[in-house]
Amino acid sequence: MSLNSQNSTETENQKNANAQWGGRFAGGPSEIMQAINASIGFDKVMWKQDIAGSLAHAAMLAHVGIISKDDEATIRKGLTEIGQEIAAGNFPFSEALEDIHMNIEARLSDRIGEAGKRLHTARSRNDQVATDFRLWVRDAIDGLDQQVAALMRSLARRAEEHAATPMPGFTHLQTAQPVTFGHHLMAYVEMLARDRGRLADTRKRLNECPLGSAALAGTSFPIDRKMTAELLHFDRPTANSLDSVSNRDFALEYLSALSIMAMHLSRMAEEIVIWCSSPFSFIRLSDAFTTGSSIMPQKRNPDAAELVRAKTGRMTGSLVSLLTVMKGLPLAYAKDMQEDKEPVFEATDAAVLSLAACDGMVRDMTANTAQMRALAGSGYSTATDIADWLVRVLKVPFRTAHHVTGRLVAKAEEKGVGLADLTLQEMQAEEPGITDDIYSVLSVDASIASRTSEGGTAPGNVSAQAQRWLKTLGAEPTVTGQ
C-alpha cells in the first residue's frame, strides 16, 4: 500500500469513527488512542449475540411505536444479511469503529440508510454490551455443560468397567488402603457434578436482561423491557439501571466456576501423568494423547495431561485479572470494563480444550490391571483391616487395636514380609485372642469387598453409582462391574 493510499484509508476510518460520535470531536484519535481503545480484535466473537440483542430491541421499539413496522422489517432484513456476511467471513471489520457494536451499527446504516440510524434509540452501548456479554457467557455455559456431562459419562463408563479392579488408594501419595480403579474414577464424576452445579447457578443468576437501562439512568422512551427480556430468553429485566451497566458479577462468578473446574481437571491430569510414569505404570495412553522425545526414543510423554494441568493457570489468572479490574471502579460504567472480555474468552477457550482433552484421555487410556493389583496390597495396605477385625471380633477398643496392628506392621517390616505372611503365633504374641479367621481379611479383594458403607469402594457400590450417574446423564450402562 502506498503512503498516500494509507493516509487516505486512515482519514476515511477517522471520518467513520467521528460520524458515530456525532459533532462532539473534530479531530480523529491518535494511533495510540485508537490502539488502546479498540476492542474489535477480540469482541467480534460476540457478533451473534449483538445481532440477537439488536433484533429484540428493534422488535420492541416497533411494538411500542417508537419506530415504524416498516423500519423494523428493514432493520431485521439488514441485520440478517450482516449476520450472513460475518458468518461467510466477508464482513469489513474496522478498528476505527472500536467494537463489534459500532461495526455492526455502522454497516447497518450503510446498507439500509435512515432506518439503521433509528436502531440505537432508547439504548446505550453500556446496556448493549452488558446484554451481549451476558448472552455470550450464557451460551458458553450451555456449551461447557454439555462437555462436562460428556466427560462425566466417559468416567462413569470406565468406572463401571473397572468397578472391581483393585488399585492402591493413597493419602499423602503414600499407599493407604486398597480401593478400586472404578471408585477412584467416580470421585471425579462427583467433582464434575459440582462444577456443573456451579455453572448452572451462575447461569441462573446472570439470566436477567440489562437492555433498556441505557447509559446508566434508564430512558425517557416508553420502552417495554419485559418484552426484550422475553425475546432474548432472559427470566426478567434487571432491577437497577446503575447496577445493570456496571455489574460484571456474572463474569466473575463464571470465571470462579471455571477456575474450580480447572483445578479438578488439573488434579485428574496430574494423576494421569503419575499413572503413566514407569514406576507406577497403572495406565497407558496411545499415540493420540502422547508425544515422543527428540533425543530419547523410548519416551512416551503424557503431554495432553501436562497441558491440561498448565492451562489451569490461564483460567485462574483470568479470574484474578478481572477481579483486579473491577475492584476499584465507582458506579456506573468505566472504560476499564472493556478489559472484562479477553479474560473470559481466553478462559473459555482453555476450558473447552481442557475438557475435550480429558474426555479423550479417559476414553483412550488402557488400564494395567495386573500392576494395579500387585501394588494394591503394597505398603501394608490391609493393616486397617486387622484393626477393624480386632474391634469387630474381639471387641478390642479401636485405639488399642490400632497399637496392636502397628506392632504387627513393625514385625512384618523387620522380617521383610507382608502381614499375611506372619504366622498365627507371631500375631498372637501381640494379641492372644487372634485366630486363623484374621487371615480372611488380609487379602486385597477381601479388604475392598468389606467397604460396603455408603460411598465406599466395594465393587457393588461402585457399579451402582456408575449406573446411577449414567442414567442421570442420559446414557445406558455398558457393562456390569468386573
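The values are calculated or read from the model by the stated rules, or taken from the named source; none is laboratory data. Computed from a prediction, not measured in an experiment: that's the story for all the values here. Cβ placement follows ideal geometry from the backbone for every residue including glycine, while neighbour counts extend to all protein chains displayed. Just so you know, the surface numbers come from the protein's heavy atoms only, side chains and all, with ligands and any DNA or RNA stripped out. Shrake-Rupley method; radii C 1.70, N 1.55, O 1.52, S 1.80 Å.
Data overview
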read-out	value
Carbon/sulfur fraction of accessible area - the chain, other protein chains in place, 1.4 Å, %	53 percent
Which listed pairs, of K341/K471; K44/K327; K69/K341, have C-alpha distances above 30 Å, in listed order	K341/K471; K69/K341
On Cα atoms only, tilt of 459-472 relative to the major axis of the chain in degrees	20 degrees
From phi via Karplus (6.51, -1.76, 1.60), per-residue ³J(HN,Hα) for region 175-192 in Hz, x at Gly/Pro	4, 10, 9, x, 9, 10, 4, x, 4, 4, 5, 5, 4, 6, 4, 5, 4, 5
For region 348-482, convex hull volume per residue from C-alpha positions, Å³	170 Å³
Surface per residue (accessible, 1.4 Å probe) for region 259-355, Å²	49 Å²
Distance between region 214-253 and region 353-422 - C-alpha centres, whole angstrom	58 Å
Region 324-386: trypsin sites (Lys or Arg not before Pro) in DSSP loop, at most 12 other beta carbons within 10 Å	K327
R407 paired with A429, simple spin-label distance in nm, labels 7 Å along Cα-to-beta-carbon	1.1 nm
Degrees between helix 398-415 axis and first principal axis of the chain (Cα, 0 to 90, nearest 10)	70 degrees
Region 32-119 - percent relative contact order, Cα under 8 Å, separation 6 or more	42 percent
Cα-based Rg and Dmax for region 125-374, where Dmax is the largest Cα-Cα distance (Å)	22.2, 76
Length-normalised contact order of the chain in % [C-alpha pairs under 8 Å, at least 6 apart]	17 percent
Approximate shape of region 265-423 as ellipsoid semi-axes (Cα gyration tensor, √5λ), whole Å, largest first	47, 27, 12
Percentage, to the nearest whole number, of Cα pairs in the chain over 28 Å apart	64 percent
Compactness of region 32-119, expressed as Rg and Dmax over alpha-carbon positions, Å	13.3, 43
Volume in Å³ per residue [convex hull over Cα atoms, computed for region 154-284]	138 Å³
Shape of region 380-450, Cα gyration tensor, a/c cut at 1.5	rounded
With Cα atoms, 0 to 90° folded angle of helix 383-394 axis to the chain main axis	60 degrees
